[in-house]
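In what follows, a single structure is set out as C-alpha cells and then discussed.
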Amino acid sequence: MNYGPLIFLASFFALSASWFGFVLTPQIQLGRQQQQTNTVNTAELYPQSRPGEARQGLEIYRANGCAACHSQQVGQTGTAVDVLLTEIGANSVAVADTLKAHTKLTNVSGPGLAAGLPKTILTGATMSEANQLTARLKTDGAKTELRLVPLGPDIARGWGLRHSVAADFLFDSPVMLGSQRVGPDLANVGARLSDANWHLAHLYAPRSVIKDSPMPSYRFLFEKRKIKQQPSSDALQLSKDFVPPAGFEIVPKPEAKVLVAYLQSLHANAPLFEAPLTPPRAPAASTNNPAAATNAPAK
Amino acid sequence: MSSETNKSVSATPDSDESPVRGATVPIWLIILMVMLLYWGALYFDNNGGWFSMQVYAPYRSEAEVQIFNVGGGPNPAAAGKAVYDKTCVACHQATGLGAPGQFPPLVGSEWVNEAEPGRVIRIVLQGLQGPITVKGQPFNNAMVPWNSLSDEDIANVISYVRQNTEWGNKASLVTPAQVKAMRDKVKNHPGAFTADELLKIAPNE
C-alpha cells in the first residue's frame, strides 16, 4: 500500500497546528502591543525605550552570553490581598467589634485601635474576603485600603515585584529571556541594585562583593593601567584582596560602562493592568501631595 | 505468464495485511480517549484565559484580572498626561505656563476652568487664530487643530488639564461623548476659531 499522501497530510497537519499555536496565535495576541499608560495613576507610559548607552549594553550582554546563566523572567503563583485600615471614623466601638469578630487582631479596644494608622488588619486574604471586610468596615464608617501582594518563589527571592509580561520586552531586540538560572534573575535588577559602582566591582571581581559567587570575572572589560599623575575618577574602589598593586588602577572600558547602563535600565516593576500590584508606599512626607508622590520615578 | 506473476505478487501482501486490517480498536481505548479529550477541553477552558493578551499565568480570565485592578481601570486624567506630553508640551510647556505673548498659560486660565468645557473642546478640535486675552495678558498666535486625535485622547487630555490640582485647576471631567458631540457640531466650521467668535458662543453649547 502507498501511504505517502496520508503521511504527508498527517505531518502537514501536525506542523501547521503547531505553527498556528506557537507562531500565529502569539503574533495575533501580542504582535501589536504598544506603550501603554499603566493602571496605577502615574500617567507614565510603559515601557520606556532604553537609553542609547543601555542599548549598546544589550549587545555586550548578548556577546558575553550573560543570558546563558541569567534569566529575565519573573514568575508568579497568585496574588494575595492585604487590607489596611486608614481611618476609623466616628463609631470606633463598632469598628473595634467588627475587627474582633472578623480579623485576628486583639488589641483593638480604646487607644490600641487608633495607634499606628494606617495599619494592616488582614494579610494574605483572597479578594472576596478582603471585599467582605471592607464592606463591613464601610458600614461602620471606617475607611480602608486594599494592597495587592503578588506571591511566588521568584518574588519571595526579591527578583521582582510582579510576574513578567510581554510589554516588559517591547523595546528589546533580541529579547534576552534566558532559560538557565545559574545566577539570579535580572528582570528587575536595575531597581534592586541601582549602584553603578557595585555593578562595576561585581563584573571585575564577583567574589569581591559576593563571597561565594560562581560568576566568572569579566576582567577584559576593564583596563589595568599605571597611575600617571592623578588617579582616574573612574577607578574602581575594590575591597582589600582585589586591590591592584600600588601605582596601578583598574578603569572600566566603555564596554563595561554600557553594560552597567543596561543592567541599571532593567526595571520590570511598573503596575500594569495585566500584572496588578500595589506599588510600595511612597515616603510618608509626601502623602499630602498624592500627584507628586505617584509621579516620582519608580525606585 | 506475466499475468500469473502479477497475481502471485499481489496476493502475498494481501494475505499478510488482512489480520492487521481486521483488528478493531478496543472499546475501552475509545472511551479513554473521549474522556481525555473532555478533560483537555475542561483544562483549556479553566486555564487558557481564552487567548486574551491581558491574561498571564496566575489568572484564568480577563474578568479575574479585572477583579484585582482595584483602581477600576485607567484614570482619564492620568492617560491625558501621556497625550499632553506628546502633543501640548511643545507650546504650553510641561509646566502649563506657556510663553509670554505667544502661548497662553493653562495654569489657572479662565478659558480652561470654565464650568462648561464647550469652548476648550472647540479650541482643541479646530485650533485658535489671532488675539486672545488670558489672565489679563494679551496673546497673539495660532494654535493648530488637533482633530486628528481620537475622542478619548482629547477628552483625557482636557480632563488632565482641567483637573490638574498642581496647576490649581479644578474643573469637571470631559467625556469622550462630549468631544464626539462637539466634533459633529464644528465639522463644518471653516478653519480655526477666534477668541471673539468663541465668546459669542455660550460655553454650554
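Bear in mind these aren't lab numbers, they're just calculated from the coordinates by the rules spelled out. For clarity, every value in this text was computed on a predicted model and none was experimentally measured. Every residue, glycine as well, gets a Cβ built from its backbone with ideal geometry; the counts of neighbours run over all protein chains shown.
What is the angle, in °, between the Cα long axis of helix A:4-19 and the longest principal axis of the Cα atoms in chain A? Nearest 10 is fine, range 0 to 90. Result, in degrees: 60. Judged by the mean number of other Cβ atoms found within 10 Å, the most tightly packed of the peptides B:28-41, B:88-101, A:67-80 leads the ranking A:67-80, B:88-101, B:28-41. If you take every DSSP beta bridge whose two residues both sit in the protein assembly as shown, what share of them, in percent to the nearest 5, is antiparallel? That works out to approximately 95 percent antiparallel. Judged by the mean number of other Cβ atoms found within 10 Å, the most tightly packed of the peptides A:94-103, A:235-244 leads the ranking A:94-103, A:235-244.
Over all projection directions, the Cα-based convex hull of chain A averages an area of 25.9 nm².
Paramagnetic label reach from A:Ser233 (point 7 Å along Cα→Cβ; backbone nitrogen cut-off under 16 Å): within the stretch A:174-201, residues A:196-197.
Placing unit charges on each Cβ (+1 for Lys and Arg, -1 for Asp and Glu) gives the stretch A:1-82 a dipole about its Cα centre, and among A:Gln27, A:Leu45, A:Asn2 the Cα reaching farthest toward its positive end belongs to A:Asn2. Rounded to the nearest 500, the 222 nm mean residue ellipticity of the protein assembly as shown from helices alone is -11500 deg cm²/dmol, with -39,500 (n - 2.57) taken per DSSP H run of at least 4 residues.
With contacts taken as Cα pairs under 8 Å and at least 6 residues apart, the stretch B:36-173 reaches a relative contact order of 23 percent. Taking amide H as placed 1.01 Å from N in the peptide plane, A:Ala80 has its amide H under 5 Å from the amide H of A:Val149, A:Leu151, each at least 5 places away in sequence or on another chain. Shielding value for A:266-277 is 3, the average number of Cβ atoms from other chains within 10 Å of each residue's Cβ. Among the GluC sites (Glu not before Pro) in the stretch B:93-193, which ones are in a DSSP loop with at most 14 other Cβ atoms within 10 Å of the Cβ? Mind listing them? Passing sites in the stretch B:93-193 are B:Glu110. Highest GNM mean-square fluctuation, chain B, Cα pairs closer than 10 Å: which of B:Gln163, B:Gln66, B:Gln102? So, out of B:Gln163, B:Gln66, B:Gln102, the one fluctuating most is B:Gln66.
With respect to chain A, whose longest principal axis is taken over its alpha-carbon atoms, helix A:52-63 is tilted by about 70°.
Only Cα pairs within less than 10 Å get springs; with that Gaussian network setup on chain A, which residue of A:Arg55, A:Arg192, A:Arg225 has the largest fluctuation? In the Gaussian network model the winner is A:Arg225.
For the residues of B:44-56, the average number of beta carbons from a partner chain within 10 Å of their own beta carbon is 3. The angle between the Cα long axis of helix A:127-139 and the main principal axis of chain A comes to about 40°, on a 0 to 90 degree scale. Counts of other chain beta carbons within 10 angstrom of each beta carbon in peptide B:79-87 average 3.
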